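S.K.: Got a structure for you, questions after.
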Amino acid sequence: MKKSCIAFLLMVCTAQVFSQEIKFNFTKPELEAHLMYIASDELAGRRTASAGERLAAEYIALHLENYGVKPAPGEADFFQKIPFTNFLPPKTAKLTIGNTNFKIGDNLLIINEKNIDTKTEIVFAGSGWVDEALGIDDYKGLDVKGKIVLTIIGSPDGNSPNAVFQSMAQKQKFAADRGAVALLEAYRMALPWQIAQSFFGKERMEIATPDSSGTLLYGWVREENPGIMTMVNGINPIAHLQVERGDSKSLDALNIVGVIEGTDELLKNEFVLLSAHYDHVGVGKQGGGAYTAQDSIFNGARDNGIGTVALMAAAKDLAANPPKRSVLVLACTAEEMGLLGSQWYADHPMIPLDKMVFNLNTDGAGYNSTKHFNLIGMGMTNTDAELKKAGQQVGLTMLGDPAPEQNLYERSDNISFARKGIPAVDMAPGITEMNEEIYKNYHQVTDNPGTIDYDYLLKFCQAYTLAARLIADKTGKIEWIGEAKIFEK
Ligand SMILES: [Zn+2]
């Protein structure tokens, strides 16, 4: 008798567990409508600081307001303005040594532009590095005043992209301090020249700085046969350098910032930061990929329309029924410009960063599995169990990083917060491997809202929302684990 009672009770309890379906405060048609608008042609690829991006910002902010999300304390609205300067590539750029011409678009790349038209000596200065402690002075015995300096790309740390990017500003300063008018570097990187050219050779946006006039003209020269070094080293020939800089203009872009107050008297002082970038790359040449007259808009339905919709869905659900911890909702601009929007927020937070205990970012390259999601940063924080459970509850299996060699963790906005010491991960739509299925849409004009599986969008948004809720309700400290403790502050 007793035994069957327990069995009966167990049966009732189990039945209850299974019948207790999780309710979300959003529907599939609603999410579909969001994505149809955010990735519509009307928004023209949501390029940072463009009119289309502004429309997306207003759409997101209006919905946050309707959901009952509040602006950050002391703010009148949801917008954080970021000043940008937009630079068009130089109108002309040419270097002539003897009978040899180096030209922009071919074998000359101007990275820091100045208007210049000068005939002067070009002097080779080795790696162009100075470090008294190491006894290095590549400028020793050289007079470069009023001259063009030619150096080999890189630093004593090598010529990996990282070493090159880290040393660029310092090398310009070494040359400028010695009175040079320009610094050109002979290009010797494993990275193909075409990639460097498509990265630096197009219209670009930078965060506006009060004064960048102190620096000198800086560029790269492709090494060919005969190499520019052979022409210059020990000869110091006269070179003619002509650069007419492209037009630049000031533009503002917007981060969208909202707050949902937690319900627990103590824990509400801690925030879970939910983030997703809502910008994309724009139209035509801006996009950096192939396009046609019929279709030139990079709609960014996957990148990062899906993440934007997931962020909105979570905001709605959490605002209607807040968790114990507070939530900061951040839709970032300028991710495609080099994570500049999240970096700006991390440097200009509207609520002190030491109150942010976790960042759950959502961004991805697309998906080739509707049964999965990926956790970029799996094994880095003590929240894997919550994320895994969130997926399971809605029928999605959690995978780790599908392509560790591609440094995906460092290629989305989560890294801006990880660098400030905040445990951070990125939740991405399901990729079992980086294959043709992904690349055919990634940063392509074909990344349209008409090609999205909306049943999957619903599940993904549910998993993101539930993960946010479970983490915001988690007992105990949220922290870095294992090797990721290097981020700990
Ligand atoms: Zn993205």
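The values are calculated or read from the model by the stated rules, or taken from the named source; none is laboratory data. This is a predicted model, so every value here is computed, not measured. Cβ: placed from backbone, ideal geometry, glycine included. Neighbour counts: every protein chain shown. We work out accessible area using only protein heavy atoms, side chains counted, and drop any ligands, DNA or RNA first. Shrake-Rupley method; radii C 1.70, N 1.55, O 1.52, S 1.80 Å.
Conditions tested, residue by residue: (1) more than 16 Å from the ligand (Cβ to nearest atom); (2) part of a helix (DSSP H, G or I); (3) assigned by TED's automatic domain parsing to the domain that holds residue 354.
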{"site": "268", "(1), (2), (3)": "yes, yes, yes"}
{"site": "286", "(1), (2), (3)": "no, yes, yes"}
{"site": "305", "(1), (2), (3)": "no, yes, yes"}
{"site": "327", "(1), (2), (3)": "yes, no, yes"}
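S.K.: Looking at 239, 253, 301, 310 in this structure, which one is of a type in the set (A, V, I, L, M), modelled with pLDDT of 95 or more, within 14 Å of the ligand (Cβ to nearest atom) and out of contact with any Pro (no Cβ under 6 Å at 6 or more places or on another chain)?
M.R.: Result: 310 is the single residue among 239, 253, 301, 310 that is of a type in the set (A, V, I, L, M), modelled with pLDDT of 95 or more, within 14 Å of the ligand (Cβ to nearest atom) and out of contact with any Pro (no Cβ under 6 Å at 6 or more places or on another chain).
S.K.: Any idea which of 426, 384, 413 is open to solvent by less than 60 Å² (accessible area, probe 1.4 Å), touching a Cys at 6+ places or on another chain (Cβ under 8 Å) and not hydrophobic (A, V, I, L, M, F, W, C)? Before you say what the answer is, go through the steps one by one.
M.R.: Working: 426 fails: touching a Cys at 6+ places or on another chain (Cβ under 8 Å); 384 fails: touching a Cys at 6+ places or on another chain (Cβ under 8 Å).
Just one listed residue meets the conditions, 413.
S.K.: State whether one or more residues within region 133-148 are out of contact with any helix residue (DSSP H, G or I) (no Cβ under 8 Å at 6 or more places or on another chain) and either of a type in the set (S, T, N, Q) or closer than 30 Å to residue 252 by Cβ (or both).
M.R.: Checking region 133-148: not a single residue is out of contact with any helix residue (DSSP H, G or I) (no Cβ under 8 Å at 6 or more places or on another chain) and either of a type in the set (S, T, N, Q) or closer than 30 Å to residue 252 by Cβ (or both).
S.K.: Go through region 175-195 and count every residue that is open to solvent by less than 30 Å² (accessible area, probe 1.4 Å) and either part of a strand (DSSP E or B) or in contact with a Phe, Trp or Tyr (Cβ under 7 Å, 6 or more places away or on another chain) (or both).
M.R.: Final tally of qualifying residues: 7.
S.K.: Here is a further query. Considering only region 68-86, I want to know if a residue exists there that is within 30 Å of residue 249 (Cβ to Cβ), surrounded by fewer than 18 Cβ atoms within 10 Å (Cβ to Cβ) and at pLDDT below 95.
M.R.: Within region 68-86 (the criterion being within 30 Å of residue 249 (Cβ to Cβ), surrounded by fewer than 18 Cβ atoms within 10 Å (Cβ to Cβ) and at pLDDT below 95), the answer is yes, since at least one residue qualifies.
S.K.: For residues that are more than 11 Å from the ligand (Cβ to nearest atom) and either more than 17 Å from the chain's Cα centre (by Cα) or at positive phi (or both), tally how many sit in region 349-374.
M.R.: Result for region 349-374: 18.
S.K.: Residues to consider are 343, 392; find the one that is closer than 28 Å to residue 438 by Cα and more than 16 Å from the ligand (Cβ to nearest atom).
M.R.: 392
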